[in-house]
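*Asks:* One structure, pasted below without further comment.
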Amino acid sequence: MQFNDVTCPHCGLLCDDLTVEVNDLSVQLKNNNHPLCKQAFEDASFNSGQIPSPLVNGSPATLQQALDAAAQLLKNSKQPLISGMIGDIQTCRDAVALTEKVGGVVDHANGSGIRINTSVMQRMGEVRTTLAEVRNRADCVVIFGAGVLENFPRLYERILTPAQSLGNDATKNKKIFLLDRLDKNEIPSIKNKGAITYFQLEAPSLDSIAHKLLEVINKPIEIFDEIDDTLQILIDLHQTILNSQYTTFIWAAGEFKSDIAEHTVQTMTQMIKQLMEKVRCVGLPLGGSRAEVTANQVATWQTGVSLPVAFMSGAPIHNPILFDGMKMLQNKEADTLVWITTYNSNDNPPETDIPTIVIGHPKMKCANDVDVFIPTGIPGIDHRGLACRTDNVATLPLKSIRTSQLASANDVISQLSQLL
Amino acid sequence: MVIKLSGGKLYDPAHKIDGQVTDLYIVDDKISKTAPANKKIDHSYAIDDCIVMAGAIDMHTHIGGGKVNIARTMMLEDQHAHPDARSGKFRSGNGHIVPSTFSTGYRYAEMGYTACFEPAVLPVNARQAHMEMADTPMIDKGGYVLLGNDDFLLRMIQQGASQTAVNDYVAWLLDATQCIGVKVVNPGGIHAFKYNQRRLDVDEISPSGVTPRKILTVLSKAVHDLGIPHPLHVHASNLGIPGNFESTLSTMTAAEGLPIHLTHIQFHSYGTEGDHKFSSAACQIAEAINNQPNITADVGQIMFGQTITASGDTMMQYFGHEHANPKKWTIMDIECEAGCGVIPFKYRDKSFVNALQWAIGLEIFIQVNDPWRVLLTTDHPNGAPFTSYPHLIKLLMNRSFRNDVLSAIHPEAQQISNLASMEREYSLYEIAIMTRAAPAKILGLTDHGHLGDGAKANITIYRKQDDIEQMFTKPIMVFKNGELVVENGKVTKTVQGITHVVKPEFDRSIEKPLKKYFDDYQTIAFNNFRISSDEMAECIGGEIQIHPCKLN
């Protein structure tokens, strides 16, 4: 059976124009050939009779036995960590409720990535835009890092080079600049993207390119002793931005050096706010490819604060240093891990020697290695659901396109909560 | 279940009951004036010396959607300063200025509110707004969908589309976003800001090729033609600009006599007189409201202290960003529909401008004669958090208290304001109008906001106290749909409200150009944009109640 307008939750763009064919338990993407997208859907496929059962210490168990075992681990826990958080809205709602009930900490598998943009938002606010605005309004786009185009496979086709645009020729045929450092390996697929002007600049890092561009924006040209090729390119780019109607800076925080990424995102915001004094300029931070945006939105409205959230005192507390989930595991500050991940069988929990409960994708590679594994259906395949897009504005529906008998993650989490 | 409430003084303006002692019965989830035949009374409460009103309704409060989450993120210190620990079956949360969803529901219920309406639902963000409201317990909810800066409508108007076609689009969007009303924010201005235009007057042609006046005229007619009970909800042009009262008066005339609701009108009632070139135009605005029966308003009163402003009006929020306190601000352009701006703000009684803003709001309350047409709001959180309502009610009901506060504000603001000489004190009956009967009436909620036979048993009971602020802060009992949910100002039972919507009829042929628009320009498939009623129930968590529209 064929389904149209299917939403793909495997990157933050949440493209919802997919056609997917479902035969029994097999799922095949029909109208998008990007290997990342195809592979993501293939990961959902089974042969008949392969639906896994829950496992307790690697041995098959009933759902109830697995829930009882998980509940016992949580009852014995003094400091549980609920992480992964790679799921749809309802899964995240129930996971936050579970964390609150057990007085634990909830964080996302990529919590440190979420924090980069969140902390800049907390400190200085941001100027942002959404996908349709870029598609229709932007006449100038500056992309920071070639990896952005790799990790968001259809950004170029769907947003940057639209067949039609609400604006004019300049918004349809955008000036697109890609900035990266010179010694970065050439990414072959960029050669096929003819609309892009690719500047590979002499610079120690992508971060330093952003910082240099801020300097160019903030300072008169005369202040620079020497103008080398890199600087000249940035000076010309600044002029192009000033002559454009609507410039969008696109970045993915994961492309920056992890130890200074927050500073670099702050620099992006400073640049945009500075340029806004004269022209329209906006940012489009990309992320959410492991459902980070969904998890963080739910946590923020339910608890009033962003991830990570700790409930030891009964009230939610956000402290990204004390309650960084991955660091808690490294420092042995958590004694039980609940790992929730529904979209991808490779999203294994970090290696840890504490009791681990995994609730999620039925083909999880780690299933036999954890204390309790409860397979669930995949939102957007086996269950209806909702997911938040990278721009923090659009929420897309996930369809139920397969009948598999797998319980939904939110049902499993909810049942687990009731046992506590 | 039958509950008897005996001996209470009823304030029920919808039935012209002004403090009359009357017994009241709750039969299941409805109110009855008489004891039901052949049914025993399960509970009886003697409420002598108590004041009985319908559950209060906040018809303009920002409680759901992306901008609220941005505000929560930006106000971390305030969130942590006001923790709500989990207690038994009650969820935890935090925040005073922009509380988490559970805390929002509990705080509203504890003040006797039983319904709240989110006034700025961006179509593309409607799912999130409804999800946040679904996670807000205790109260009924509803939303007004934002129109008037969306490229689809602006192009329709610019290309001379018929009023009928516009009506079909408006009705389609209401259905697709599960909303109860239509809101326009700075008509055409948010769109113009995307073209770097920093100001747009009512009769100025915007980059879209149309004037704000035209947008207002077309939309107010659409709302009227479709028979949507709530008039077009208008956030007028030039918010916060000295001298903006003139564009507010122009906005009123743009409706051409059809009903419109001007929201947070305090922010739109500024003159340019005096040394500071900033003065009160409350008198002109109140007079205009008094003389034009098609107009209703809510005030958007400011209160002194820290808050955060969250608005769709990117143009004017950007204008105000230099006053951000603390110094941080967020602006977003959104999906060819609208935008949002989120800016923390600290209103100070020793600031001339802030002090005068405070006085202007009260001057409007006092000078608009008809309480059915001036509703009590702070535009939460923009003027102040909703928890300041009891304080605001005291300011309205107690002149000497009002003048005491006035005497402490910036001296020049005191001098310039006529507030000290205004003698009017609101009565309990008038407060019941502006917080219950009037919002229910202008939203078309026929079984809410009153205590008549068959009304939903949303009832708030206050113990009479000399200090009116204390009284309104802590009702002794609140019933939601007939269930006792608040006792002595504390939530004792969690209930889930419903979502009020309208679904006016329309010609489905509008879907053809809409589908083409989505295919050509948008980033969501047309078929995925619409929120179905079963999605509301199954995925979002908001069961809907449809209110009738009477086509005109």
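The values are calculated or read from the model by the stated rules, or taken from the named source; none is laboratory data. Values in this document were obtained by computation on a predicted structure and should not be read as measured data. No Cβ is skipped: glycine too gets one built from the backbone with ideal geometry, and neighbour counts run over all protein chains shown. With ligands, DNA and RNA removed, areas are computed over all heavy atoms of the protein, side chains included. Shrake-Rupley method; radii C 1.70, N 1.55, O 1.52, S 1.80 Å.
*Asks:* Which residue out of B:ALA282, B:ALA288 is within 19 Å of B:ALA236 (Cα to Cα), more than 14 Å from chain A (Cβ to nearest Cβ) and without any contact (Cβ under 8 Å) to a residue 60 or more places away in the chain?
*Replies:* Values: B:ALA282 fails: without any contact (Cβ under 8 Å) to a residue 60 or more places away in the chain.
After ruling out the rest, the residue left standing is B:ALA288.
*Asks:* Something else now. Among B:PRO137, B:PRO123, B:PRO99, which is under 19 Å from B:ILE459 (Cα atoms) and within 12 Å of chain A (Cβ to nearest Cβ)?
*Replies:* Working: B:PRO123 fails: under 19 Å from B:ILE459 (Cα atoms); B:PRO99 fails: under 19 Å from B:ILE459 (Cα atoms).
Every option except B:PRO137 fails the conditions.
Let's see how each residue does on (1) aliphatic (A, V, I, L, M); (2) surrounded by 22 or more Cβ atoms within 10 Å (Cβ to Cβ); (3) not assigned by TED's automatic domain parsing to the domain that holds A:LEU214:
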position: A:SER258; (1), (2), (3): no, no, no
position: A:GLU262; (1), (2), (3): no, no, no
position: A:VAL265; (1), (2), (3): yes, yes, no
position: A:THR269; (1), (2), (3): no, yes, no
position: A:GLU277; (1), (2), (3): no, no, no
position: A:CYS281; (1), (2), (3): no, yes, no
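*Asks:* Checking the conditions here, which among A:ILE413, A:ILE381, A:ILE359, A:ILE374 is buried (at least 24 other Cβ atoms within 10 Å of the Cβ) and part of a helix (DSSP H, G or I)?
*Replies:* On the way: A:ILE381 fails: part of a helix (DSSP H, G or I); A:ILE359 fails: part of a helix (DSSP H, G or I); A:ILE374 fails: part of a helix (DSSP H, G or I).
Step by step, each of A:ILE413, A:ILE381, A:ILE359, A:ILE374 is checked, and only A:ILE413 is buried (at least 24 other Cβ atoms within 10 Å of the Cβ) and part of a helix (DSSP H, G or I).
*Asks:* Looking only at strands (runs of 3 or more DSSP E) that fall completely inside segment B:228-337, which ones have 3 or more residues that are over 21 Å from the mean Cα position of the chain (by Cα)? Write out each step before concluding.
*Replies:* Values: elements: B:232-235, B:260-262, B:295-298, B:305-311, B:330-334.
Of the strands (runs of 3 or more DSSP E) lying wholly inside segment B:228-337, those with at least 3 residues that are over 21 Å from the mean Cα position of the chain (by Cα) span B:330-334.
*Asks:* Taking the stated definitions as given, is A:LYS191 open to solvent by 40 Å² or more (accessible area, probe 1.4 Å), assigned by TED's automatic domain parsing to the domain that holds A:THR264, free of Cβ contacts under 8 Å to residues at least 60 places away in the same chain and within 30 Å of A:PRO35 (Cα to Cα)? Before you say what the answer is, go through the steps one by one.
*Replies:* Working: open to solvent by 40 Å² or more (accessible area, probe 1.4 Å): yes; assigned by TED's automatic domain parsing to the domain that holds A:THR264: yes; free of Cβ contacts under 8 Å to residues at least 60 places away in the same chain: yes; within 30 Å of A:PRO35 (Cα to Cα): yes.
The answer is yes for A:LYS191.
*Asks:* Name the residue that is nearest to the chain's Cα centre (by Cα), counting only residues in segment A:308-354 that are more than 14 Å from every other protein chain (Cβ to nearest Cβ) and among the aromatic types (Phe, Trp, Tyr).
*Replies:* Initial filter on segment A:308-354 (more than 14 Å from every other protein chain (Cβ to nearest Cβ)): A:324-354.
Filter again for among the aromatic types (Phe, Trp, Tyr), leaving A:339, A:343.
Numbers: A:TRP339: 17, A:TYR343: 12 Å.
Filtering segment A:308-354 for residues that are more than 14 Å from every other protein chain (Cβ to nearest Cβ) and among the aromatic types (Phe, Trp, Tyr), the one nearest to the chain's Cα centre (by Cα) comes out as A:TYR343.
*Asks:* A follow-up question, please. Got a number for residues in segment B:39-81 being over 15 Å from A:TRP301 (Cα atoms) and more than 20 Å from the chain's Cα centre (by Cα)?
*Replies:* Step one: list which residues in segment B:39-81 are over 15 Å from A:TRP301 (Cα atoms), which gives B:39-61, B:77, B:81.
Then keep just the ones that are more than 20 Å from the chain's Cα centre (by Cα); that gives B:39-52, B:77, B:81.
Of the residues in segment B:39-81, 16 are over 15 Å from A:TRP301 (Cα atoms) and more than 20 Å from the chain's Cα centre (by Cα).
Conditions (1) modelled with pLDDT of 95 or more; (2) aliphatic (A, V, I, L, M); (3) not assigned by TED's automatic domain parsing to the domain that holds A:PRO349, marked per residue:
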residue	(1), (2), (3)
A:ASN32	no, no, yes
A:ALA66	yes, yes, no
A:PRO80	yes, no, no
A:ALA95	yes, yes, no
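*Asks:* Take the residues in segment B:477-505 that are farther than 23 Å from B:LEU443 by Cβ and in contact with an Asp or Glu (Cβ under 7 Å, 6 or more places away or on another chain); name whichever of them is surrounded by the most Cβ atoms within 10 Å (Cβ to Cβ).
*Replies:* Our first condition is that a residue be farther than 23 Å from B:LEU443 by Cβ; within segment B:477-505, this holds for B:477, B:484, B:487-494.
Subset that is in contact with an Asp or Glu (Cβ under 7 Å, 6 or more places away or on another chain): B:477, B:489-491, B:493.
Details: B:MET477: 23, B:GLY489: 17, B:LYS490: 12, B:VAL491: 21, B:LYS493: 16.
Top of the filtered list is B:MET477.
*Asks:* Can you name the residue in segment A:1-27 that is over 23 Å from A:ARG290 (Cβ atoms) and away from chain B (no Cβ under 13 Å) and, of all such residues, is surrounded by the fewest Cβ atoms within 10 Å (Cβ to Cβ)?
*Replies:* My answer is A:MET1.
*Asks:* Right, next: What residue, of B:GLU423, B:GLU412, is open to solvent by 10 Å² or more (accessible area, probe 1.4 Å), touching a helix residue (DSSP H, G or I) at 6+ places or on another chain (Cβ under 6 Å) and in contact (Cβ under 8 Å) with a residue 12 or more places away in the chain?
*Replies:* On the way: B:GLU423 fails: touching a helix residue (DSSP H, G or I) at 6+ places or on another chain (Cβ under 6 Å).
Within the list B:GLU423, B:GLU412, the selection yields B:GLU412.
*Asks:* Considering only segment B:338-393, how many residues are under 21 Å from B:SER103 (Cα atoms), assigned to a loop (DSSP other than H, G, I, E, B) and touching a strand residue (DSSP E or B) at 6+ places or on another chain (Cβ under 7 Å)?
*Replies:* Selection size over segment B:338-393: 5.
*Asks:* For segment B:152-174, what are the residues that are within 14 Å of chain A (Cβ to nearest Cβ), surrounded by fewer than 23 Cβ atoms within 10 Å (Cβ to Cβ) and in a helix (DSSP H, G or I)? Steps first, answer last, please.
*Replies:* Taking segment B:152-174 and keeping what is within 14 Å of chain A (Cβ to nearest Cβ), we get B:152-156, B:158-159.
Of the ones still in play, those that are also surrounded by fewer than 23 Cβ atoms within 10 Å (Cβ to Cβ) are B:152, B:155-156, B:158-159.
B:PHE152, B:ARG155, B:MET156, B:GLN158 - these are the residues of segment B:152-174 that are within 14 Å of chain A (Cβ to nearest Cβ), surrounded by fewer than 23 Cβ atoms within 10 Å (Cβ to Cβ) and in a helix (DSSP H, G or I).
*Asks:* Then there's this: Name the pairs whose Cβ atoms lie under 8 Å apart, with the first residue in segment B:466-481 and within 13 Å of B:LEU428 (Cα to Cα), the second open to solvent by less than 60 Å² (accessible area, probe 1.4 Å) and of a type in the set (S, T, N, Q), and 6 or more positions between them or separate chains?
*Replies:* Sorted first by the residue in segment B:466-481, then by its partner, the pairs are B:ILE468/B:ASN398.
*Asks:* Scan segment B:47-67 and tell me whether some residue there is in contact (Cβ under 8 Å) with a residue 40 or more places away in the chain, within 23 Å of B:ILE180 (Cα to Cα) and facing chain A (nearest Cβ under 7 Å). Break it down into steps so the answer makes sense when it comes.
*Replies:* Step one: list which residues in segment B:47-67 are in contact (Cβ under 8 Å) with a residue 40 or more places away in the chain, which gives B:47-67.
Narrowing the set further to residues that are within 23 Å of B:ILE180 (Cα to Cα) leaves B:54-67.
Checking the rest, the ones that are also facing chain A (nearest Cβ under 7 Å) come to B:66.
There is at least one residue in segment B:47-67 that is in contact (Cβ under 8 Å) with a residue 40 or more places away in the chain, within 23 Å of B:ILE180 (Cα to Cα) and facing chain A (nearest Cβ under 7 Å).
*Asks:* Check A:VAL305, A:VAL293, A:VAL298 and return the single one that is assigned to a loop (DSSP other than H, G, I, E, B), surrounded by 21 or more Cβ atoms within 10 Å (Cβ to Cβ) and within 14 Å of chain B (Cβ to nearest Cβ).
*Replies:* On the way: A:VAL293 fails: assigned to a loop (DSSP other than H, G, I, E, B); A:VAL298 fails: assigned to a loop (DSSP other than H, G, I, E, B).
Just one listed residue meets the conditions, A:VAL305.
*Asks:* So A:GLN72 clears everything in (1) in contact (Cβ under 8 Å) with a residue 24 or more places away in the chain; (2) more than 9 Å from chain B (Cβ to nearest Cβ) except one condition, right? Which one?
*Replies:* For A:GLN72, the failing item is (1).
*Asks:* Inside segment B:291-317, can you point out the residues that are open to solvent by 10 Å² or more (accessible area, probe 1.4 Å), touching a residue at least 40 places away in the same chain (Cβ under 8 Å) and closer than 23 Å to B:ASP78 by Cβ?
*Replies:* B:MET303, B:PHE304, B:GLY305, B:GLN306, B:THR309, B:SER311
*Asks:* Something else now. Residues in segment A:346-363 that are touching a strand residue (DSSP E or B) at 6+ places or on another chain (Cβ under 9 Å) and either within 14 Å of A:THR91 (Cβ to Cβ) or without any contact (Cβ under 8 Å) to a residue 12 or more places away in the chain (or both): how many? Outline the logic, then answer.
*Replies:* As a first pass, look at segment A:346-363 and keep what is touching a strand residue (DSSP E or B) at 6+ places or on another chain (Cβ under 9 Å): A:347-350, A:352, A:354-363.
If we keep only those that are either within 14 Å of A:THR91 (Cβ to Cβ) or without any contact (Cβ under 8 Å) to a residue 12 or more places away in the chain (or both) too, we end up with A:347, A:358-361.
Counting residues in segment A:346-363 that are touching a strand residue (DSSP E or B) at 6+ places or on another chain (Cβ under 9 Å) and either within 14 Å of A:THR91 (Cβ to Cβ) or without any contact (Cβ under 8 Å) to a residue 12 or more places away in the chain (or both) gives 5.
*Asks:* Another one. Please determine, by comparing only the residues of segment B:506-532 that are open to solvent by 50 Å² or more (accessible area, probe 1.4 Å) and closer than 15 Å to A:LYS399 by Cα, which one is farthest from the other protein chains (Cβ to nearest Cβ).
*Replies:* B:ARG530
*Asks:* For A:GLN405, indicate whether it is surrounded by fewer than 19 Cβ atoms within 10 Å (Cβ to Cβ) and either touching a strand residue (DSSP E or B) at 6+ places or on another chain (Cβ under 6 Å) or in a loop (DSSP other than H, G, I, E, B) (or both). Before the answer, list the steps.
*Replies:* On the way: surrounded by fewer than 19 Cβ atoms within 10 Å (Cβ to Cβ): yes; either touching a strand residue (DSSP E or B) at 6+ places or on another chain (Cβ under 6 Å) or in a loop (DSSP other than H, G, I, E, B) (or both): yes.
Here the answer is yes, as A:GLN405 does meet what is asked.
*Asks:* Right, something else. Filter segment B:40-95 down to the residues that are open to solvent by 40 Å² or more (accessible area, probe 1.4 Å) and in contact with a Lys or Arg (Cβ under 6 Å, 6 or more places away or on another chain), then identify the one that is nearest to B:LYS441 (Cα to Cα).
*Replies:* Step one: list which residues in segment B:40-95 are open to solvent by 40 Å² or more (accessible area, probe 1.4 Å), which gives B:40-46, B:48-49, B:77, B:80-83, B:85-89, B:91.
Adding the requirement that they be in contact with a Lys or Arg (Cβ under 6 Å, 6 or more places away or on another chain) leaves B:41, B:44, B:49.
On the way: B:ILE41: 31, B:SER44: 30, B:ASP49: 28 Å.
Within segment B:40-95, the match that is nearest to B:LYS441 (Cα to Cα) is B:ASP49.
*Asks:* Next up: Which one of these is out of contact with any Pro (no Cβ under 8 Å at 6 or more places or on another chain), hydrophobic (A, V, I, L, M, F, W, C), surrounded by 24 or more Cβ atoms within 10 Å (Cβ to Cβ) and not in a loop (DSSP other than H, G, I, E, B): B:MET138, B:MET133?
*Replies:* Values: B:MET138 fails: not in a loop (DSSP other than H, G, I, E, B).
The match here is B:MET133.
*Asks:* On to the next question. From the residues in segment A:169-186 that are assigned to a helix (DSSP H, G or I) and out of contact with any Asp or Glu (no Cβ under 8 Å at 6 or more places or on another chain), which one is nearest to A:CYS37 (Cα to Cα)? Break it down stepwise before answering.
*Replies:* Taking segment A:169-186 first, the residues assigned to a helix (DSSP H, G or I) are A:169-172.
Next cut, out of contact with any Asp or Glu (no Cβ under 8 Å at 6 or more places or on another chain) only: A:169, A:172.
Values: A:ASP169: 31, A:LYS172: 26 Å.
Among them, the one singled out is A:LYS172.
*Asks:* Same structure, new question: Search segment B:85-96 for residues that are within 7 Å of another protein chain (Cβ to nearest Cβ) and pair each with any residue that is open to solvent by 60 Å² or more (accessible area, probe 1.4 Å) when their beta-carbon atoms are under 7 Å apart and the residues are at least 6 apart or on different chains.
*Replies:* Partner pairs satisfying both residue conditions: B:ALA85/A:SER313; B:SER92/B:ARG86; B:ASN94/B:HIS80; B:ASN94/B:HIS82; B:ASN94/B:PRO83; B:GLY95/B:HIS82.
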